[in-house]
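A short worksheet on the structure shown next.
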Amino acid sequence: MSDLSEEMVAELLSLEKRNLIKNPHGAEQFEGWEITENGGSQWRVEELPGDCGKEFPDETVQSYFATSFELCLKKQVLDLQAEGYSEELLDTVQPKITVQDW
């Protein structure tokens, strides 16, 4: 990263580490998600602790996505530039991106 301009270093430091997935735990049902496979009893959102029987470590999380006994898939497209990542930063730094939902 020694080849980074001062502007790119400042941009990188200004971006907070956060979950960019919209509605990651179903608080808004399936808002922001495209369901691509909905087999069996289909996708649903359950309240915690629900059938999982455990509280979530983050008290603000009160729901989660649940699937059935058949294939269920959902997807979401994220616009990293709209989230504040410049094209130059993405091309040069290629920041590590981790995707998780629950």
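The values are calculated or read from the model by the stated rules, or taken from the named source; none is laboratory data. Predicted, not measured: the structure shown is a model, and the values here were computed from it. These accessible areas exclude ligands, DNA and RNA; they are computed on the full protein's heavy atoms, side chains included. Shrake-Rupley method; radii C 1.70, N 1.55, O 1.52, S 1.80 Å.
Values computed for the structure shown
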| read-out | value |
| --- | --- |
| Ellipsoid equivalent to the chain - semi-axes via the Cα gyration tensor, in Å | 34, 16, 10 |
| Accessible surface of LYS75 - all protein chains present, 1.4 Å probe, nearest 10 Å² | 100 Å² |
| Percent accessible area from carbon and sulfur atoms, the chain, protein chains only, probe 1.4 Å | 48 percent |
| Prolate/oblate/rounded label for region 33-89 (Cα gyration tensor, a/c 1.5) | oblate |
| Nearby lysines by direct alpha-carbon distance to LYS75 (threshold 21 angstrom, same-chain neighbours under 8 apart not counted) | LYS22, LYS96 |
| Region 67-102 and region 5-37: distance between their alpha carbon centers, rounded to Å | 7 Å |
| Where the chain is the region considered: accessible area per residue in Å², 1.4 Å probe | 74 Å² |
